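Taking it in order: structure first as structure tokens, then the write-up.
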Amino acid sequence: MAGAAEVTRRIAIGLLALLVLALLLSWGYARVQGMGEMRTHGARGRVIRVEVLNGSGEGGVASRVAIFLKEGGFHVVDVKNADRFDYFATMVVARGEDPAPARAVAHYLGGPPVIRQSRSSDEAEVTVVIGSDRSKLHLEP
């Protein structure tokens, strides 16, 4: 009987090892797939062009956001102050008909709201307006 118990134990350990290996491989695959899902390219394979506007009044915040976006693979075309400094909420503005590039930028920043405001602009497909809630942005990969 001791021999049968030993065989059963070894089979159980082997199955457990296979299960752990399968979970590790699944986790690794999900991480690689997740990286591919982050869309930094828009229509026709072009890198998403982003304009960053500081609407919070805090000096340097637009530059920090711009650097973070560049590190994420986005093309920051302009960094400047917004028309005013009393924006409460940070928002991502879709400048074209397709809101997907703006959604990708919003996702990368941690989920600020996306607003559609089409205008013809060769400069940027997306505008990020930073509000006083800037601490909600996820500026670390």
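Hey, can you tell me all the residues within the stretch 47-61 that are of a type in the set (Gly, Ala, Ser) and more than 14 Å from residue 84 (Cβ to Cβ)?
Answer for the stretch 47-61, where residues must be of a type in the set (Gly, Ala, Ser) and more than 14 Å from residue 84 (Cβ to Cβ): 59, 60.
Identify the residue in the stretch 96-141 that is basic (Lys, Arg) and modelled with pLDDT of 90 or more and, among all such residues, is farthest from residue 73 (Cα to Cα).
Restricting to residues being basic (Lys, Arg) and modelled with pLDDT of 90 or more, the top hit is 116.
Here is a yes/no grid of residues against (1) exposed (fewer than 10 other Cβ atoms within 10 Å of the Cβ); (2) at pLDDT 90 or above; (3) of a type in the set (Asp, Glu); (4) under 27 Å from residue 108 (Cβ atoms):
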site	(1), (2), (3), (4)
4	yes, no, no, no
11	no, yes, no, no
19	no, no, no, no
22	no, no, no, no
28	no, no, no, yes
36	yes, no, no, yes
41	no, no, no, yes
45	yes, no, no, yes
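The values are calculated or read from the model by the stated rules, or taken from the named source; none is laboratory data. For clarity, every value in this text was computed on a predicted model and none was experimentally measured. Heads up, the Cβs are rebuilt from the backbone with ideal geometry, glycines too, and the neighbour counts pull from every protein chain shown.
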